[in-house]
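One structure is given here, and the rest of the page talks about it.
Read the figures in this text as sums done on the coordinates, not as results from a lab. What you see is a predicted model, and the numbers here were worked out from it, not measured in a lab. Methodologically, a virtual Cβ is constructed for each residue, glycine included, from the backbone with ideal geometry; neighbour enumeration extends over all protein chains shown.
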Amino acid sequence: MDQEIDLLQDFSADCRMRGLAEVSIESYVARIRHFVEFLEARDKEPALADRLDIRDYVEQLRGRGNTSKTIRLTLTAISSFYE
C-alpha cells in the first residue's frame, strides 16, 4: 500500500512538472490507481506490466460498460504513466 501511495505521488509530481492542469492530474491519478489495483490483483508489479496486461485491463473496462472515450482517457493516462 505504501509503495502504491509513493508511486501515485511520484506520478502526480511528474504530471505537475509536465505542466498538466490539476483536474487532469486528478483524473490521471485516479485512472492509474485503478490500473495498479488491477495489476495487484494479478500479483504483478506496475513496472512489469506489458501489453497483455493493458489489453486485459481494457477488456475489463469494456466489460464494465465504460465508453470508448473513458477507455481512451485511461489509455492516455497509462501512456503518460509509463513515459
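Taken together, 62, 72, 16, 31 contain a single residue that is under 9 Å from the mean Cα position of the chain (by Cα) and among the basic types (Lys, Arg), which is 31. Residues that are closer than 15 Å to residue 28 by Cα and surrounded by 11 or more Cβ atoms within 10 Å (Cβ to Cβ) within region 47-71 comprise 70, 71, listed in sequence order. Residues of region 72-83 that are aromatic (Phe, Trp, Tyr) and either touching a Leu at 6+ places or on another chain (Cβ under 8 Å) or more than 18 Å from residue 26 (Cβ to Cβ) (or both): 82 alone.
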